[in-house]
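Student: This is the structure I have questions about; it appears just below.
Computed from the coordinates by the stated procedures, all read-outs in this text should not be read as laboratory data. Only a predicted model underlies this, so the values are computations on that prediction, with no experimental measurement involved. When we count neighbours, we look across all protein chains shown, and the Cβ atoms used for this are built from the backbone with ideal geometry, even at glycine.
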Amino acid sequence: MSNRPGRFIGIRGERTVAEDAGRVFRLDNEVLAFRFTATLSHRASTDPLERLTSPERLRLWLGAAGLDPGPDITEQELAAGVRLREAIHRVGRAISRGRTWAAGDCGVLNATSEGGRPAAVLTAGGRSWRLSGESPVRDAFSVVAQDAIAVFGTQDAGRIKTCDGPGCGGLFLDTSRGGNRRWCSMNTCGNRVKKLRMVAR
Ligand SMILES: [Zn+2]
């Protein structure tokens, strides 16, 4: 208790990047590319919430995803990230509804995938990514685009859904055996619906 007052002064240094990011972003989506689309939340509401509000925020998110691009992210790169994010979301939503995606969005995904040179490396902690020194942000985006392509272009595509949670509209991969999952996360949207039902009763 004696060091309680000092906790807040040094708190930045005590927390991990993931903890910092967890305060700003929702990081509970199992699919990396969909986790990226969740940086705009409340998509199905009249008031979507943009959480990627600055290059620093983007750096924080990428760091938590194991794609730390270093300190230098430009506004243009942030804009490119948002463009990629929205292309991923539109393609995913189209697939979830059994529709064809827009060629332009598919083009953004492919160009972003091709535009970087990330290397997958095997470590004791599992697979991780090594970004090049020259274009780390582009490399990081390439990883996210490749992740989206890996879901959109395989049997996984049949399991893509948009969340039924109130106002959510987030993408998720329904890996449940019965294929009857309705929420992007039980902890957030699932619980919210449960509570609403209880109140209604
Ligand atoms: Zn949701």
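Student: Report, by chain and number, residues whose modeled amide H sits under 5 Å from the one on CYS168, excluding near sequence neighbours (fewer than 5 apart, same chain).
Tutor: Excluding prolines and chain starts, which carry no amide H, the hits are ALA44.
Student: Still on this structure, please answer the following. With a point put 7 Å past each Cα toward its Cβ, work out how far ALA119 is from MET186 in nm, to one decimal.
Tutor: 4.0 nm
Student: Now a separate question. Can you give me the long-range amide H partners of TRP129? Hydrogens built in the peptide plane at 1.01 Å from N, cutoff under 5 Å, separation of 5 or more residues or another chain.
Tutor: VAL121
Student: Using only helices, what value at 222 nm comes out for the chain when you add -39,500 (n - 2.57) per DSSP H run of length 4 or more and divide by the total residues, to the nearest 500 deg cm²/dmol?
Tutor: Calculated mean residue ellipticity at 222 nm is -13500 deg cm²/dmol.
Student: Restricting to Cα pairs below 8 Å that are 6+ residues apart, what does the relative contact order work out to for the chain? Please round to a whole percent. Can you show the working numbers first?
Tutor: Working: 275 pairs, mean separation 42.8, N = 201.
Here the relative contact order equals 21 percent.
Student: Which whole-Hz ³J(HN,Hα) couplings does segment 191-198 yield from phi under the Karplus relation 6.51 cos²θ - 1.76 cosθ + 1.60, θ = phi - 60°, glycine and proline marked x?
Tutor: 5, 4, 5, 4, 5, 4, 5, 5
Student: Ok, one more. Between segment 119-144 and segment 49-91, what's the alpha-carbon centroid distance in Å?
Tutor: Centre-to-centre (Cα) distance: 15 Å.
Student: Right, something else. Averaging over all projection directions, find the projected area of the Cα convex hull of the chain and quote it in nm² with one decimal place.
Tutor: Working: hull surface 61.1 nm².
Average projection, Cα convex hull of the chain: 15.3 nm².
Student: Taking a virtual spin label 7 Å from the Cα of ALA18 along the C-beta vector, which residues in segment 159-201 bring their backbone nitrogen under 19 Å of it?
Tutor: Zone members listed by number: 185-188.
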